[in-house]
Amino acid sequence: FALEDVVLRPREEEGMRFWWIDWQQGETQGGTGQDHRPDGKMNPTVWTAKARVTDSLRRCRTGGGCSDLRGVTLSRWGGLGQHRYQHGFSGDVAGLTWANLAYQAYFSATASNVNFGFWSHDLVGPGSDPEMYVRWLQLGSLSGIMRMHDRGLSAGGCMPWPDSDSACSTVEPWDVPRAFYEAAASALRSRASMLPYIY
């Protein structure tokens, strides 16, 4: 538990209130020891989330100080059982297509079916299709957690999608033509009006 005690605990004492675990699923990659299991599968995401969420309990039991703060994580889908650790997201999509957008609505419903109600998506759109970006934003406004995903754009420059090297991704809701901006703003206002019921 050196990571939790030496590296992460000081960040929590500075005010960090949740951990974003961005581990790829990788049941057969990464050399994490899962290949030696009899069933051949293990998703490290669920174990990492458990360690972060329950760490304050471990500290309290071992004399490391008790806290009334809840452990919170945001992580990718780690399989059944991951819902115990509150917040999840669908992970990167292979490409920004209408079919992938339609699948995300199905994925959200599936997550809810296993008690994973605080669900999120990487909200971003192809620069070449502002309508698709607004539709992603509208889906996100109705999701348990809404967050934009910049795919590296915050570092500067343009990060095009693998299936299109001519168009930068759209992240900012105001970075679209006027008609699409109005639809994006409406989705964001609707989301804001629902906050008292969601939070």
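No lab work stands behind these numbers, since they all come straight from the coordinates. Small disclaimer: the values here were computed from a predicted structure and weren't measured. Cβ coordinates were reconstructed from backbone atoms using ideal geometry, including for glycine residues, and neighbour counts include every protein chain displayed.
Couple of notes before you dig in:
- Segments 132-145, 82-95, 181-194 sorted - mean Cβ within 10 Å per residue, highest first: 132-145, 82-95, 181-194
- FRET efficiency, residue 178 to residue 94 (Cβ-Cβ, R0 25 Å, nearest 0.05): 0.20
- Taking each residue as 0.36 nm, the span from residue 113 to residue 67 lengthens on full extension beyond its C-alpha to C-alpha distance by 13.4 nm.
- Around residue 21: net Lys/Arg minus Asp/Glu count, Cβ-Cβ under 9 Å: +1
- Close amide H partners of residue 74, meaning residues 5 or more places away or on another chain with modelled amide H under 5 Å apart, are 19, 20, 21.
- Nonlocal amide H pairs with residue 170, under 5 Å, H built at 1.01 Å: 125, 127
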